[in-house]
Ligand code: NI
């Protein structure tokens, strides 16, 4: 094994509990290995997106905690900044805390990517999935 770097990362307790339960079921013996694989999957997903160009249409699905102070307003502000690629937004009050938004998008792939990254990187956003097709 080559060099390794140790780092301290913080997790919300329920996220770590879900992760540990899942990786145990999958047969992982080491949490570090599972986190490394998750990071690799994240990198490959976003690398693919970086290389997409041309006109695309699709949906961004965002799951977020609306009790995180200022988050709802921030997500709305971002969507206003990208109004030229957003066709429509569907908001679902999923649970007492969680909101789900399905944002229909159409336009230049790189602009859609920037929108997705702007949303995904905010604290309180738990999940973001982007599905694109060529119109
Ligand atoms: Ni809501």
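The values are calculated or read from the model by the stated rules, or taken from the named source; none is laboratory data. In this text the structure is predicted, and so the values were computed from the model without any measurement. Cβ coordinates were reconstructed from backbone atoms using ideal geometry, including for glycine residues, and neighbour counts include every protein chain displayed.
Grab the helices (runs of 4 or more DSSP H) fully contained in region 22-123, keeping just those with 2 or more residues being touching a strand residue (DSSP E or B) at 6+ places or on another chain (Cβ under 8 Å) and modelled with pLDDT of 95 or more.
Passing ranges, in order: 71-81, 109-120.
Taking region 124-135 only, how many residues are assigned to a strand (DSSP E or B) and under 18 Å from residue 56 (Cα atoms)? Steps first, please.
Going residue by residue through region 124-135, those that are assigned to a strand (DSSP E or B) are 125-133.
Still in the running and under 18 Å from residue 56 (Cα atoms): 128-133.
Count: 6.
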